[in-house]
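Novice: One structure follows; several queries about it will come next.
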Amino acid sequence: MDDVFVSRGSVIRVCLYAVIFLLFLELSLNFSVHRKTYKMVSSSRRILTTLEDVSRFSLIVNFSDPCGWMQNATIRDLQKIRDRGCKPVRVCSSSPSELVGSLATYKEAPSYKEMIKIYPLVRPGGLYTPPDCIARERVAIIIPFRDREEHLRILLHNLHPMLQRQQLHYGIYVVEQENGTQFNRAMLMNIGYAESIKLYNYTCFVFHDVDLIPENDRIMYDCRDSPRHLSSAVDKFKYKLPYPQLFGGVTAIKRAHFEKVNGHSNKFFGWGGEDDDMFRRLVNNGFKISRYQASLSRYKMIKHLHDAGNKANKRRHHLIKTGKGRYRRDGINNLHYKKLGIEYQYLHTRILVSINETKVMTS
Ligand code: UDH
Ligand code: MN
């Protein structure tokens, strides 16, 4: 009997050890699983540099890292992060101390391969997020484009360092019109708006001619309360504003404001008029256009000839005159184009589109 009793006791002891062992195993496994998840999450930040992930980068929110910060963080999110006992996260300044003011512009640019070494923090597709602070806005820089490759390389070489000093969360979108049709700058900008918001929840748009190089990094590429004309003093026009209603070159506008005026008109094929029509759209909707003082908002225009596919638009005066009646049905709510491709290239995202003039003019 005694023997049986002893063996029962040892069975119980063995069971106890087994339970303790299993508990221990469970805990350590849990720990390693957790570590693995954590590792995955942290490395996902690095994985973002692969092309397939670029378009999805906005969706990656680091829920499992209690101190992780979110791409789309609002001020309230930051508060929550702070409440979790994590170190305070700074909101980027609207006038960062890194700004230097007047710039010696680059008139040439190295090859793209060299430039990605110079700008290692820019992700494929020309995306950038400030590393040490939360940006106030998400800015899409939209460049209407055709056959100006050298201008583009020079512009990107000038823009990336400046935008990084401005601590902006931004992406650069080059909207390229296929050859063989009259160029439509305003419609390309509308397409840039429509395509970029499919990729990311942008809150601010900077529409940017490819040949305008900013000469001062205090020209902030962000959006304020009113739409802003940024390129008010261009060397080609002796740094004088040619006329007060000018809204061409480089402009910045909040997404909500752009949507309120139904974007740009799609009807301006060839050179001229589309920017004046946009000025009228904004003013007719009650917006005031703002500008920096001319001594600050200085730009150099890269010298170029008139492009064959961008002949002066003879109908432009008529279109401007009759524009008001079309605002509601001619713009981003009536945008017909064919997207031929999208590529996340070095330092910019390239969207190639085809526009059918007859279709646009009759729709
Ligand atoms: N653009 C292109 N490709 C074209 C035409 C226009 O990329 O074939 C884009 C580009 O972003 C350019 C913008 O549209 O900066 C405006 O076009 P533009 O630079 O031709 O217009 P600009 O107002 O006037 O500079 C053109 C006059 C050129 C004559 C100069 C003679 N001294
Ligand atoms: Mn030009």
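The values are calculated or read from the model by the stated rules, or taken from the named source; none is laboratory data. These numbers come from a predicted model, not from an experiment. Reconstructed Cβ throughout: ideal geometry from the backbone, glycine too, with neighbour counts over all protein chains shown. Calculation scope for accessible area: heavy atoms of the full protein, side chains included, ligands and nucleic acids excluded. Shrake-Rupley method; radii C 1.70, N 1.55, O 1.52, S 1.80 Å.
Novice: So, residue 147, is that one among the acidic types (Asp, Glu) and within 15 Å of ligand 2 (Cβ to nearest atom) or not?
Specialist: Spelling it out, residue 147 is indeed among the acidic types (Asp, Glu) and within 15 Å of ligand 2 (Cβ to nearest atom).
Novice: Within the stretch 329-363, count every residue that is in a loop (DSSP other than H, G, I, E, B), open to solvent by less than 50 Å² (accessible area, probe 1.4 Å) and closer than 18 Å to residue 264 by Cα.
Specialist: 6
Novice: Under the condition of being more than 27 Å from residue 161 (Cβ to Cβ) and of a type in the set (A, V, I, L, M), which residue from the stretch 180-219 is nearest to ligand 1 (Cβ to nearest atom)?
Specialist: That would be 186.
Novice: Step by step: first the residues of the stretch 189-218, then only those that are within 16 Å of ligand 2 (Cβ to nearest atom) and in contact with a Gly (Cβ under 7 Å, 6 or more places away or on another chain), then the one that is farthest from residue 172 (Cα to Cα). Which residue is that?
Specialist: Result: 212.
Novice: Going by the structure shown, is residue 332 closer than 18 Å to residue 207 by Cβ, among the hydrophobic types (A, V, I, L, M, F, W, C) and within 16 Å of ligand 2 (Cβ to nearest atom)?
Specialist: Taking the combined requirement at face value, the residue does not satisfy it.
Novice: In this structure, does residue 254 turn out to be among the basic types (Lys, Arg), within 14 Å of ligand 1 (Cβ to nearest atom) and modelled with pLDDT of 95 or more?
Specialist: Answer is no for this residue.
Novice: Here's something else I'd like to know. Please specify each residue of the stretch 182-209 satisfying the condition of being open to solvent by 10 Å² or more (accessible area, probe 1.4 Å) and either part of a helix (DSSP H, G or I) or touching a strand residue (DSSP E or B) at 6+ places or on another chain (Cβ under 8 Å) (or both).
Specialist: 183, 185, 193, 194, 197, 198, 199, 201, 203, 209
Novice: So, in the stretch 304-328, how many residues would count as being away from ligand 2 (no atom under 16 Å from the Cβ) and either within 30 Å of residue 104 (Cα to Cα) or buried (at least 18 other Cβ atoms within 10 Å of the Cβ) (or both)?
Specialist: Residues flagged as away from ligand 2 (no atom under 16 Å from the Cβ) and either within 30 Å of residue 104 (Cα to Cα) or buried (at least 18 other Cβ atoms within 10 Å of the Cβ) (or both) within the stretch 304-328 amount to 4.
Novice: Where residues in the stretch 136-154 are more than 12 Å from ligand 1 (Cβ to nearest atom) and assigned to a loop (DSSP other than H, G, I, E, B), which of them is nearest to the chain's Cα centre (by Cα)?
Specialist: Only one residue fits best here, namely 137.
Novice: Looking only at the stretch 219-231, which residues are within 15 Å of ligand 2 (Cβ to nearest atom) and farther than 17 Å from residue 141 by Cα?
Specialist: none
Novice: Quick one: in the stretch 278-303, of everything that is under 20 Å from residue 316 (Cβ atoms) and within 15 Å of ligand 1 (Cβ to nearest atom), which residue is surrounded by the most Cβ atoms within 10 Å (Cβ to Cβ)?
Specialist: The qualifying residue surrounded by the most Cβ atoms within 10 Å (Cβ to Cβ) is 278.
Novice: How about the stretch 155-168: which of its residues are open to solvent by 10 Å² or more (accessible area, probe 1.4 Å) and either on the phi < 0 side of the Ramachandran plot or assigned to a helix (DSSP H, G or I) (or both)?
Specialist: Within the stretch 155-168, 157, 158, 161, 164, 165, 168 qualify.
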